[in-house]
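Structure first, then comments.
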Amino acid sequence: MGVEVQIEGLSKSFGRQVIWENVTFTLPAGEISVLLGPSGTGKSVFLKCVVGLLKPNSGFIGVGDVDVVSCSEKDLYEVRRLFGVLFQDGALFGSMNLYDNVAFPLREHTRKSEREVRQIVMEKLDMVGLAGSEKLLPGEISGGMRKRAGIARALVLDPEIILFDEPDSGLDPVRTALLNQLIVDLNAQTDTTMLIVTHDINTARTVPDNIGMLYHRRLAMFGPREMLLTSQEPVVRQFLNAQRHGPIGMAEEKDADELAQEQLAGIKLPPLPPVVLQLMPSDGRPRPSQHPPGEWCRRNGVTPPPGSFEGDVTTAPGPVPRETRTVPALADPPLYGEQQYGGRHHG
Amino acid sequence: MSSPLMGALRGSGEMFALAGDALRSTFRRPFQWKEMVQQSWFVASVTILPTALVSIPFGAVIALQVGGLVRQLGAQSFIGSTAVLAVVREASPIVTALLIAGAGGSAVCADLGSRKIREEIDAMEVLGINPVQRLIVPRVLAMMLVGLLLNGLVSVVGVIGGYFFNVVLQGGTPGAYLASFTALAQLPDLWAGEVKAVVFGAIAAVVSSYKGLHAGGGPKGVGDAVNQSVVITFMLLFFANFILTAVYFQAVPQKG
């Protein structure tokens with residue numbers, strides 16, 4: 001079972017430059033969350049703060065009963081064992097081959113025999129589709145392979161919380177889709193708390209249970225996916241739908257003049273696209289932490305845009321590469337409580 | 001207060017903190033024997049050949065200079081002794097310092113710096129492994145060990161070079177050269193040289209590790225870090241050499 005991560009009043013600045021201030025939210029245990037934001041809003045900095053690599057100026061990060069911000073170095077190394085982190089470029093050790101990279105945490109932290117290590121390492125490498133490449137050095141493989149090897153290494157100690165720093169940057173759409181499927185499957189199997197940092201809205205729309213968005217040096221919003229996908233809040237709406245019109249400009253934020261001009265010009269925002277279904281695990285069964293589609297909207301009296309939660313919508317609108325949903329053909333329609341859905345065959 | 005001054009102060013403070021951390025982590029189990037052996041071999045492999053090649057002409061220059069001076073003073077019978085003194089006390093720790101800082105330190109700094117910018121160090125910390133214990137301690141100990149051994153190598157090669165130049169090229173007498181070896185030089189001179197070499201190794205290792213671990217800003221940052229580490233190490237080593245020499249002359253009574 002995953003562990004909850006509580007973040008309260010977190011602020012970080014480098015010198016006089018404020019990265020973000022007063023960020024407060026909770027990563028629910030066992031759920032997948034996505035942290036979105038335009039480039040340069042300090043998403044990676046945020047991840048590094050959560051694992052204690054950078055020290056925030058103020059605030060509280062609760063993991064279990066430890067505050068990562070103020071705990072001793074010894075406690076920090078203890079609490080980090082709960083984490084698995086995928087760095088942007090995999091951050092593999094350049095002097096070791098993939099096998100030794102994945103085996104490294106096991107050899108350092110456990111007293112397992114080489115045979116047990118081998119078994120675990122091969123299992124994880126197989127999981128990310130790298131069986132047979134274990135003798136290669138990180139310098140000899142592609143960026144996508146490095147990312148997948150990085151995931152295998154992050155998984156090897158069976159972490160309770162996994163943080164992904166842009167798992168989809170620099171990957172082709174197919175690999176991105178496969179990687180997203182892998183993340184969802186992992187969550188279904190291990191019930192790990194996951195936080196994905198990304199600016200890929202396709203991932204953000206289909207993978208997580210919760211979405212958070214950093215913008216303009218603060219947390220613009222954090223909540224269940226349906227809340228953000230149906231949100232009328234201009235920043236969230238513009239970003240999640242990849243629109244040109246809205247508060248976000250090329251240089252981080254548009255100034256007041258530009259915004260006023262846009263309003264004068266009477267630019268109407270296009271209607272919200274339908275809320276798509278979440279990516280299901282490969283076996284088609286909902287993850288333990290997954291909420292039934294439309295539940296949040298029903299509870300909060302929000303009418304989702306027409307066409308929401310229907311089986312075969314393709315995902316994000318706009319100029320992003322379209323991805324066919326990767327829910328495999330199913331022998332039996334899966335059950336979600338008593339309600340059946342998603343049993344249609346795609347592809 | 002101006003910010004460059006603050007930066008320099010903060011840098012020196014952090015460097016001392018790293019040295020303290022490394023010292024504390026030395027006694028923390030498990031000790032990284034494998035890494036230390038590998039690093040010793042690595043530092044030795046980048047320093048042995050240049051050290052040997054530098055120490056031959058260095059020994060020769062000392063033999064020529066000292067030989068000329070001693071002859072002018074009319075003290076030919078002490079020629080072997082002065083050469084040994086000059087090499088063992090001063091020349092070999094200096095040559096060791098130059099090579100440890102220039103060849104060993106720069107290699108260590110470049111290695112750690114490139115790991116830093118590839119986020120390997122961060123990854124290691126996140127995997128719950130203390131990089132100071134896992135990487136820095138073995139490097140510091142390795143450079144101290146290699147410094148010690150290199151100093152021995154330089155002393156031997158320097159004395160042999162001095163003998164060769166004095167006896168073969170300057171027409172000195174082998175017997176006088178060898179017989180006067182212990183006239184002025186004494187065993188503590190050798191110990192002092194070795195202590196210097198060990199201290200130089202430790203300083204060079206801490207500075208280059210610090211600079212490597214704080215490299216930033218992509219590949220250019222690594223280049224800058226290596227450059228700074230070599231310059232800073234040189235300054236510190238020559239300064240430390242002065243202090244150690246002064247202390248040595250105060251603490252150990254000289255012969256004659």
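Taking the longest Cα principal axis of chain B as reference, the axis of helix B:218-251 is set at about 40 degrees.
If you take all C-alpha pairs in segment A:5-225, what percent of them are over 22 Å apart? The proportion of pairs with Cα distances above 22 Å equals 51 percent. For segment B:47-246, the relative contact order is 37 percent, taking Cα pairs closer than 8 Å that sit 6 or more residues apart in sequence and dividing their mean separation by the residue count. Placing +1 on each Lys and Arg Cβ and -1 on each Asp and Glu Cβ, with no other charges, gives segment A:5-225 a dipole about its Cα centre of roughly 480 debye.
With Cα atoms as the point set, the radius of gyration and Dmax of segment A:1-79 evaluate to 12.5, 40 Å. The label-point distance for A:VAL18 and A:ASP158, in a model that sets each label 7 Å from Cα toward Cβ, rounds to 4.4 nm. For the protein assembly as shown, the Cβ-based charge dipole about the Cα centre amounts to some 1620 debye (Lys, Arg positive; Asp, Glu negative; other atoms uncharged). Shielding value for B:3-16 is 0, the average number of Cβ atoms from other chains within 10 Å of each residue's Cβ.
Nearest 500 deg cm²/dmol is fine: what mean residue ellipticity at 222 nm does chain B get from its DSSP H runs of n ≥ 4 alone, each adding -39,500 (n - 2.57), divided by its residue count? Value at 222 nm, helices only: -26000 deg cm²/dmol.
To the nearest ten degrees, helix B:33-73 and the longest principal axis of the Cα atoms of chain B are 30 degrees apart.
Relative to the longest principal Cα axis of chain B, at what angle does helix B:187-213 sit, 0 to 90 degrees, rounded to 10? Approximately 30 degrees, to the nearest ten.
Place a point 7 Å from the Cα of B:PHE16 along the Cα-to-Cβ direction; which residues of segment B:176-200 have their backbone N under 20 Å from it? So the set is B:199-200. Can you flag which of A:LYS48/A:LYS147; A:LYS43/A:LYS147; B:LYS34/B:LYS196; A:LYS48/A:LYS112; A:LYS48/B:LYS116 are past 22 Å Cα-Cα? Too far apart for the 22 Å limit: B:LYS34/B:LYS196; A:LYS48/A:LYS112.
Among A:CYS49, A:CYS297, a tally of other beta-carbon atoms within 10 Å of each Cβ gives an order, fewest to most, of A:CYS297, A:CYS49.
Cβ crowding within 10 Å, taken as a proxy for footprinting-reagent exposure, orders B:TYR177, A:TYR77 from fewest neighbours to most as A:TYR77, B:TYR177. Place +1 on the Cβ of every Lys and Arg and -1 on the Cβ of every Asp and Glu in the protein assembly as shown, take the dipole about the Cα centre, and give the residue among A:ALA188, A:MET280, B:PRO50 whose Cα lies farthest towards its positive end. The residue sitting most towards the positive pole is B:PRO50. Shown for B:MET143, A:MET280: other C-beta atoms within 10 Å of each C-beta, ranked fewest to most, produce the order A:MET280, B:MET143.
Think of chain B as a dipole: +1 on every Lys or Arg Cβ, -1 on every Asp or Glu Cβ, centred on the Cα centre; then among B:PHE239, B:GLN133, B:SER180, B:SER180 lies furthest on the positive end.
Coordinate-derived values only; no laboratory data. All values reported here derive from a predicted model rather than from experimental measurement. Don't worry about glycine lacking a Cβ; one is built from the backbone with ideal geometry, like all the others, and counts go over all protein chains shown.
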